[in-house]
Amino acid sequence: MDALDIDGAWVFTPRVHSDSRGSFLEWFRDAEVQADLGHRLDVAQANCSVSRRGVIRGIHFADVPPGQAKYVSCVRGCVLDVVVDLRVGSPGYGRWAAVPLNDETRRAVVVAEGLGHAFIALSDEATVLYLCSTPYAPGREHGVHPLDPDIGIAWPGDVEVILSDKDAAAPSLAEARSAGLLPDYADCLAYAARLCST
C-alpha cells in the first residue's frame with residue numbers, strides 16, 4: 001500500500017485482471033493492511049452508501065479508544081475520498097489528503113483510528129463500501145464541518161454540495177477542539193500500540 005501524507009492513512013491499488021468476460025480483483029487483502037496498520041483490521045461492520053452527485057458525507061470520526069478504522073472503496077461511480085488528521089497534538093493536525101476512488105481503478109483507502117473521513121460523490125450516483133473495525137455507536141461518533149475554511153479541503157468547484165442536516169450542523173475544527181471532542185494523538189498512538197501487541 002502507498003502511504004498518504006497523513007500518518008495512519010494509506011491507499012491500496014489492487015491488480016485488476018480483465019478479459020472478455022469482465023474483470024476480477026482481490027478487493028481486500030488482510031496481509032497488506034496488517035503490514036501497514038501493524039495489526040489486523042477486525043471487521044465489525046460493513047457499510048454501503050449510495051450518494052447522488054454533490055453529496056458530501058463527513059468529516060466523521062469516533063472516540064479513541066476504540067475509535068473506528070475504515071477500509072473504503074467506491075464500487076460504482078466516482079468519489080473524492082478525504083482523510084483529515086483530527087488528532088490533537090499530531091504533527092499533521094488539521095492536514096488533509098484526498099484520493100479519487102472509482103469503479104475503474106478500484107483503489108481503496110485505509111483510515112486508522114482517530115482520523116476523520118469524508119467523501120464527495122462526483123458521478124451522478126456513487127456507491128461506496130466501507131469495512132469498519134467497530135460498529136456504529138451514536139454516543140461516541142462525531143463530526144467536523146466539511147466546509148470549515150480552517151481545514152480548507154479543496155472540494156471540486158464544479159459540483160453543487162449537498163450536506164445532511166447533521167453534517168451541516170457539525171462544529172468547526174476549532175469548536176470541536178474547544179468542546180473536547182477531538183481524539184488525542186497520544187491516546188491514538190497508545191491504542192494502536194495495544195492493538196499491535198495483541
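Considering each of ALA69, ALA35 in turn, give the residue that is closer than 23 Å to SER90 by Cβ, small (Gly, Ala, Ser) and open to solvent by 40 Å² or more (accessible area, probe 1.4 Å). So that I can check it myself, show each step before the final result.
Details: ALA69 fails: open to solvent by 40 Å² or more (accessible area, probe 1.4 Å).
None of the others qualify; the one that does is ALA35.
Go through segment 138-152 and give me each residue that's part of a loop (DSSP other than H, G, I, E, B), open to solvent by 20 Å² or more (accessible area, probe 1.4 Å) and either more than 25 Å from ARG53 (Cβ to Cβ) or in contact with a helix residue (DSSP H, G or I) (Cβ under 8 Å, 6 or more places away or on another chain) (or both).
Restricting attention to segment 138-152, the residues satisfying the condition of being part of a loop (DSSP other than H, G, I, E, B) are 144-152.
Imposing the further condition that a residue be open to solvent by 20 Å² or more (accessible area, probe 1.4 Å) reduces the set to 145, 147, 149-150, 152.
The answer is HIS145, ASP150.
Matching residues to (1) farther than 18 Å from PRO91 by Cα; (2) hydroxyl-bearing (Ser, Thr, Tyr); (3) in contact (Cβ under 8 Å) with a residue 12 or more places away in the chain:
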site	(1), (2), (3)
PRO135	yes, no, yes
PRO146	yes, no, yes
PRO171	yes, no, yes
SER178	yes, yes, no
ASP187	no, no, yes
CYS196	yes, no, yes
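Quick check on my filter: what residues within segment 103-116 are over 17 Å from ALA44 (Cα atoms) and out of contact with any Lys or Arg (no Cβ under 6 Å at 6 or more places or on another chain)?
Within segment 103-116, GLU104, THR105, ARG106, ARG107, ALA108, VAL109, LEU115, GLY116 qualify.
Just to be sure I understand, how many residues within segment 3-27 are outside any loop (DSSP other than H, G, I, E, B) and either open to solvent by 80 Å² or more (accessible area, probe 1.4 Å) or of a type in the set (S, T, N, Q) (or both)?
Keep residues of segment 3-27 that are outside any loop (DSSP other than H, G, I, E, B), which gives 3, 9-12, 17-19, 22-24.
Filter once more, so that each one left must be either open to solvent by 80 Å² or more (accessible area, probe 1.4 Å) or of a type in the set (S, T, N, Q) (or both): 17-18, 23-24.
The qualifying residues number 4.
Search segment 122-152 for residues being among the aliphatic types (A, V, I, L, M) and within 14 Å of the chain's Cα centre (by Cα), and hand back the single one that is farthest from VAL11 (Cα to Cα).
Across segment 122-152, the extreme among qualifying residues is VAL144.
Quick one: which residue in VAL82, VAL128, VAL110 is of a type in the set (A, V, I, L, M, F, W, C) and under 19 Å from LEU37 (Cβ atoms)? Break it down into steps so the answer makes sense when it comes.
Working: VAL82 fails: under 19 Å from LEU37 (Cβ atoms); VAL128 fails: under 19 Å from LEU37 (Cβ atoms).
Answer to the selection: VAL110.
Select from segment 99-137 the residues that are assigned to a strand (DSSP E or B) and aromatic (Phe, Trp, Tyr) and write down the one among them that is surrounded by the fewest Cβ atoms within 10 Å (Cβ to Cβ). Reasoning before the result, please.
First, pick out the residues of segment 99-137 that are assigned to a strand (DSSP E or B): 99-102, 108-111, 115-121, 125-132.
In the following step, the residues that additionally are aromatic (Phe, Trp, Tyr) were identified as 119, 130.
Values: PHE119: 28, TYR130: 21.
It comes out as TYR130.
Please state which one of TRP155, TRP96 is modelled with pLDDT of 95 or more and either over 18 Å from LEU4 (Cβ atoms) or surrounded by 19 or more Cβ atoms within 10 Å (Cβ to Cβ) (or both).
On inspection, the qualifying residue turns out to be TRP96.
Among (1) of a type in the set (Lys, Arg); (2) part of a loop (DSSP other than H, G, I, E, B); (3) closer than 29 Å to ALA186 by Cβ, which single condition is ARG57 missing?
(2)
Looking at ALA3, ALA46, which is the one that is among the hydrophobic types (A, V, I, L, M, F, W, C) and touching a residue at least 60 places away in the same chain (Cβ under 8 Å)? So that I can check it myself, show each step before the final result.
Working: ALA3 fails: touching a residue at least 60 places away in the same chain (Cβ under 8 Å).
Within the list ALA3, ALA46, the selection yields ALA46.
Restricting attention to segment 52-60, does a residue exist that is more than 18 Å from PRO100 (Cβ to Cβ) and not basic (Lys, Arg)?
yes
Looking at (1) open to solvent by less than 10 Å² (accessible area, probe 1.4 Å); (2) within 16 Å of the chain's Cα centre (by Cα), find the lone condition where GLY54 falls short.
Here GLY54 clears every test but (2).
The values are calculated or read from the model by the stated rules, or taken from the named source; none is laboratory data. Every value quoted in this text rests on a predicted model; they were computed, and no experiment measured them. Cβ atoms come from the backbone with ideal geometry, glycine included; neighbour counts cover every protein chain shown. Accessible surface is based on the protein model in full, side chains and every heavy atom, while ligands, DNA and RNA are left aside. Shrake-Rupley method; radii C 1.70, N 1.55, O 1.52, S 1.80 Å.
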